[in-house]
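The values are calculated or read from the model by the stated rules, or taken from the named source; none is laboratory data. No experiment lies behind these values; they were computed from the predicted model shown. Because the Cβ atoms are built from the backbone with ideal geometry, glycine has one as well, and the counts that use them run over all protein chains shown. With ligands, DNA and RNA removed, areas are computed over all heavy atoms of the protein, side chains included. Shrake-Rupley method; radii C 1.70, N 1.55, O 1.52, S 1.80 Å.
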Amino acid sequence: MTVEFIEYPDREMLFLALADRLAGQLSQHLRVNDSASLCVPGGTTPAPLYDYLSGSEIDWPRVTVLLNDERWVDGEHLRSNGRLLRRHLLKDKAAAAQYIDLYTGDEHPEDAVPALAEAIAPHLPLTVLLLGMGTDMHTASLFPAASETVLALAPDAPVVMAVNSIKDEPRITLTASALQGAINTHLLIAGADKREAFERAQGLDPTEAPIRAFLGDITVHWAE
């Protein structure tokens with residue numbers, strides 16, 4: 001297990017440096033491959049990062065972008081991760097990227113699983129994976145208290161699963177079988193509480209701290 005932990009003087013420096021790192025890894029992959037994939041989290045923390053990345057000089061038409069997970073809400077809903085992505089990443093130069101929308105409009109997220117799994121499979125292994133983490137040590141929609149998490153962490157899990165056991169909206173999430181195989185993996189966290197949670201997670205079982213399942217070869221980017 002190789003965990004590289006990079007501490008930045010402030011969030012602005014983190015976002016600038018990480019955008020450059022992600023763009024570089026995508027471009028390097030495209031030099032010897034026909035296509036690349038970029039899998040990213042929702043939430044408000046990475047929005048400035050996406051603003052920077054959207055203007056990067058990448059051959060975006062050859063890049064497929066998808067989210068780690070999505071709430072089962074309409075794409076214009078304020079809690080939609082896709083809404084954030086369209087406003088901050090899929091614009092400027094990155095507007096030319098291919099995009100797999102995890103919200104399909106089906107009545108229930110489980111109804112969308114077969115078609116999404118088929119759409120995602122050709123883009124595995126993920127070229128660049130960026131994860132986020134909550135103070136409860138969840139990542140994607142893999143939560144410590146969710147009954148689906150044990151199944152989603154199994155090596156034979158489907159690449160995508162519905163999550164219905166948490167308090168708010170139903171969700172759809174990529175599973176460990178899709179996320180763990182990424183060629184380049186990064187974790188973005190900010191604030192003292194997230195750093196403390198990350199350090200605590202390293203000593204726990206993945207069922208208690210799902211982010212622990214992805215602390216193999218990973219680069220962690222942190223700023224206060």
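Brief remarks follow.
- Only protein heavy atoms count here; under a 1.4 Å probe, ASP156 has an accessible surface of about 130 Å².
- For the range 164-224: rounded, prolate or oblate by the Cα gyration tensor [a/c cutoff 1.5]: oblate
- For the chain: accessible area per residue (Å², 1.4 Å): 43
- Under 29 Å from LYS167, Cα to Cα: lysines that are on another chain or at least 8 residues apart: LYS194
- Accessible area of ASP136 in the full protein assembly, 1.4 Å probe (Å², nearest 10): 60
- Translational diffusion of the chain was estimated from the Stokes-Einstein equation, with Rh taken as the Kirkwood radius over Cα pairs; at 4 °C and 1.567 mPa s the coefficient is 75 µm²/s.
- Carbon plus sulfur fraction of accessible area for the chain, probe 1.4 Å, in percent: 51
- Given charges at beta-carbon only (K, R positive; D, E negative), |dipole| of the range 167-206 in Debye: 60
- Here the Gaussian network model covers the chain, with springs between Cα atoms less than 10 Å apart; of VAL159, VAL65, VAL150, VAL150 fluctuates the most.
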